[in-house]
Each structure stands twice: as structure tokens, then as C-alpha cells.
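Input: one structure, supplied below.
The values are calculated or read from the model by the stated rules, or taken from the named source; none is laboratory data. This structure is a prediction, so every number in the text was calculated from the model and none was measured. FYI the Cβ positions are ideal-geometry reconstructions off the backbone, even for glycines, and counts take in every protein chain you see.
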Amino acid sequence: MSNIIVAGATNQIGHFLLLRLQKAIAISRQTYPNTDNITWLKIDLKTEILPLETPSKLFYSAPLPLLPPLLERLPKTTLLKRVIVLSSTSCFTKENSTDFNEQAIANQLIQAELALIKECQQRNIAWTILRPTLVYGCGLDKNITFIANFIRRFGFFPIVGQGSGLRQPVHADDLAKACIQVASSENTINKTYNLTGGQTLSYRDMVITIFKFLGKKPHIISISPSLFKAIISCISWLPKYSHLSTAMVTRINQDLCFDHTAAQHDFDYQPRKFMDLGL
Ligand SMILES: NC(=O)c1ccc[n+]([C@@H]2O[C@H](COP(=O)([O-])OP(=O)(O)OC[C@H]3O[C@@H](n4cnc5c(N)ncnc54)[C@H](OP(=O)(O)O)[C@@H]3O)[C@@H](O)[C@H]2O)c1
């Protein structure tokens with residue numbers, strides 16, 4: 001029996017992973033009390049090493065650039081046998097962004113994926129990279145939850161133009177389930193998968209679905225790109241809005257779609273539809 005280690009245990013994917021796992025070691029920089037099935041370890045992945053006392057599998061959804069140096073600190077013969085890593089389709093959608101910060105994030109992801117594959121090859125660790133689209137599920141995300149909180153507070157939601165760009169929001173629990181399915185499937189070793197949600201809908205319809213989930217009549221205000229950019233420039237220095245960028249404005253009308261057929265084929269990936277929303 002392998003030990004299961006979960007890094008990124010306190011984010012939305014980690015939350016659902018811990019609910020699904022019978023037994024696991026969970027890593028955080030904070031201290032948490034152990035439960036019957038979860039042993040919490042306070043570890044900073046930037047500077048410390050993984051707790052490897054027996055052959056182990058790692059579910060990794062912490063920041064990806066921390067992973068290659070963490071693997072580099074392992075000996076060539078390591079008890080880490082398998083890593084299932086969460087990256088992001090942002091490495092495609094933000095690669096040519098007009099926002100330099102977004103471009104840098106995409107490049108960091110691409111470089112980190114390549115470096116992690118190299119480190120795994122050198123240590124004979126089987127790897128799988130999962131690239132989700134927009135993740136939501138337990139109120140910890142900055143996309144769907146941001147829209148829901150905005151609607152709760154102001155009763156309307158602003159959209160640039162028609163909001164016609166297609167989206168495929170994916171529930172964090174579907175990703176947690178995917179991690180577990182991948183870990184027990186030989187088919188998935190040394191492969192990368194794009195993981196989308198089970199429904200493709202326009203940004204506008206995504207917002208309308210959130211209104212309906214909140215029991216509110218949809219009230220969408222269409223505003224001009226220049227006004228939207230001006231508003232974002234004014235508020236994005238506030239920590240609460242720091243994830244907003246003017247490049248998002250153009251993306252609202254762009255399709256950000258991927259195909260999960262390979263995941264369906266290799267490990268029976270069956271994500272839920274967004275209309276079956278749970279926030
Ligand atoms: N959010 C999205 O819409 C989205 C979209 C596509 C892909 N993804 C991918 O999904 C994954 C999760 O994303 P997320 O936005 O939900 O979470 P996130 O904010 O990227 O995750 C933060 C997690 O990483 C841990 N962490 C960060 N630095 C650490 C360190 N130095 N040492 C130990 N742990 C550290 C945090 O633990 P503590 O704070 O408890 O220490 C926390 O559990 C990421 O791989 C992301 O690329 C997310």
C-alpha cells in the first residue's frame with residue numbers, strides 16, 4: 001500500500017480530495033488537527049522536503065512552479081513513485097495575453113510542466129499532468145464565487161459586449177475524482193490531459209445560471225470595453241480585486257474551449273454540467 005500525500009490540501013481541489021480519500025497525509029503551511037483518516041503536516045514546499053517514509057503517491061495542486069525544485073531535492077532513488085499534478089489550460093489561453101503578468105504566469109506554467117517531466121524522468125517517477133479550465137465548487141475560487149458574491153451584493157452583473165465567449169467551468173470535486181481515477185490507471189502514466197466541465201456555455205449564460213442558482217432574476221448590464229478597462233484599472237490594486245486584469249475584458253467574448261475526450265477514453269472522466277451547480 002502506498003502513502004498518499006496531498007499538497008495543496010487547503011484549496012478547493014484539496015478540499016474534495018480529502019473528502020474522497022480513505023487515508024492521506026495533507027500538507028499545508030498552517031497547522032490543522034489530525035482526523036481519523038487525515039494526518040496534517042506543516043510543511044513549506046518552497047524550502048522543505050516531502051515526507052517519504054514508504055513508497056508514496058503525490059496529489060499536487062499547490063503552485064506548480066514549486067514542484068520541480070521540490071523534486072530536484074529528492075535523491076535519484078526515491079520512494080516517491082507517482083505524481084498527479086494540477087496545471088491549467090491558462091498555459092494556452094494566457095500565453096498571448098495583452099497583460100504581461102498573465103503572459104508570465106502562462107510561461108511559468110509551461111516551463112514548470114517541462115521541468116517537472118524532466119525531474120520525474122531522472123527519478124523514475126510516473127507522472128500525469130491535469131490541466132483544468134475554470135475551477136469552482138466550494139466558494140474558494142476567484143471566478144464563479146466572485147460573480148456570485150457580486151450579484152448577491154449589487155443585484156446585477158456587468159458584462160462587456162454580449163459575453164459571447166464560450167466557457168467550460170469544471171467542478172473541483174470532478175477534478176478530485178479524476179486525480180483518484182488517474183492514480184489507479186496505468187493508461188494515464190506520463191500523459192497530459194485537458195479537463196473541462198461537462199457543459200460548454202457562453203460567459204453570459206454562465207452568469208445567468210449563477211443568478212438562477214441564487215434565486216435571482218438575471219440582471220446583466222452591458223458596458224463598453226473602455227469603461228470596463230477603466231473600472232478594472234481603478235480597482236485592481238485592491239487585494240480583493242487583484243486577480244482582475246484588463247486582458248479579461250477581451251477574453252469575455254473569446255471562446256476558451258478544450259476537449260476532454262482523451263480523459264474520457266483513458267480514465268472514464270465524466271464531469272458534471274454547470275447547470276447542476278453547487279457553490
Ligand atoms: N482556480 C482556477 O480557476 C483554476 C483554473 C485552472 C487550473 N487551476 C489549477 O488548480 C490548482 C488549484 O488552484 P486553486 O486556485 O484552487 O488553488 P491555489 O490558490 O493555487 O492553491 C493554493 C494551495 O497551495 C498551497 N501552497 C501554496 N504555497 C505553498 C507552499 N509554499 N507550501 C505548501 N503549500 C503551499 C496552499 O496551502 P496553504 O495555504 O494551506 O499553505 C493551498 O492549499 C492549481 O494547480 C491551479 O493551477 C485553477
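How many residues, within region 22-38, are more than 16 Å from Pro63 (Cβ to Cβ), among the hydrophobic types (A, V, I, L, M, F, W, C) and near the ligand (Cβ under 10 Å from one of its atoms)?
1
Sticking with this structure for a sec: Can you name every residue in region 229-258 that is in contact with a Leu (Cβ under 6 Å, 6 or more places away or on another chain), within 19 Å of Val135 (Cβ to Cβ) and hydrophobic (A, V, I, L, M, F, W, C)?
Cys257, the sole residue that qualifies.
I'd like the residue in region 94-109 that is charged (D, E, K, R) and within 16 Å of the ligand (Cβ to nearest atom) and, out of all such residues, is surrounded by the most Cβ atoms within 10 Å (Cβ to Cβ).
Lys94
List every residue pair whose Cβ atoms lie under 7 Å apart, where the two residues are 6 or more positions apart in sequence or sit on different chains, the first residue falls within region 214-226 and is β-branched (Val, Ile, Thr), and the second residue, located anywhere, is surrounded by 13 or more Cβ atoms within 10 Å (Cβ to Cβ) and part of a strand (DSSP E or B).
That search, which allows pairs on different chains as well, returns Ile220/Phe157; Ile220/Ile159; Ile221/Pro158; Ile223/Pro158; Ile223/Val160.
Oh, and also: Scan region 119-149 for residues that are surrounded by fewer than 17 Cβ atoms within 10 Å (Cβ to Cβ), over 17 Å from the mean Cα position of the chain (by Cα) and within 16 Å of the ligand (Cβ to nearest atom) and report the count.
Residues meeting the conditions: 1.
Taking the residues in region 70-81 that are under 13 Å from Leu116 (Cα atoms) and surrounded by 15 or more Cβ atoms within 10 Å (Cβ to Cβ) as candidates, determine which candidate is farthest from the ligand (Cβ to nearest atom).
Restricting to residues being under 13 Å from Leu116 (Cα atoms) and surrounded by 15 or more Cβ atoms within 10 Å (Cβ to Cβ), the top hit is Leu74.
Then there's this: Just one of Glu53, Glu102, Glu113, Glu48 is free of Cβ contacts under 8 Å to residues at least 40 places away in the same chain and either among the acidic types (Asp, Glu) or in contact with a Ser or Thr (Cβ under 9 Å, 6 or more places away or on another chain) (or both); which is it?
The match here is Glu48.
For residues that are under 13 Å from the mean Cα position of the chain (by Cα) and in a loop (DSSP other than H, G, I, E, B), scanning just region 193-210, find the one that is nearest to Leu130 (Cα to Cα).
Thr196
Same structure, new question: Pick from region 1-42 the residues that are in a loop (DSSP other than H, G, I, E, B) and under 17 Å from the mean Cα position of the chain (by Cα): which of them is surrounded by the fewest Cβ atoms within 10 Å (Cβ to Cβ)?
Thr10
So which of Leu19, Leu66, Leu86, Leu45 ends up being of a type in the set (A, V, I, L, M), modelled with pLDDT of 95 or more and more than 12 Å from the ligand (Cβ to nearest atom)?
From the options Leu19, Leu66, Leu86, Leu45, the qualifying one is Leu19.
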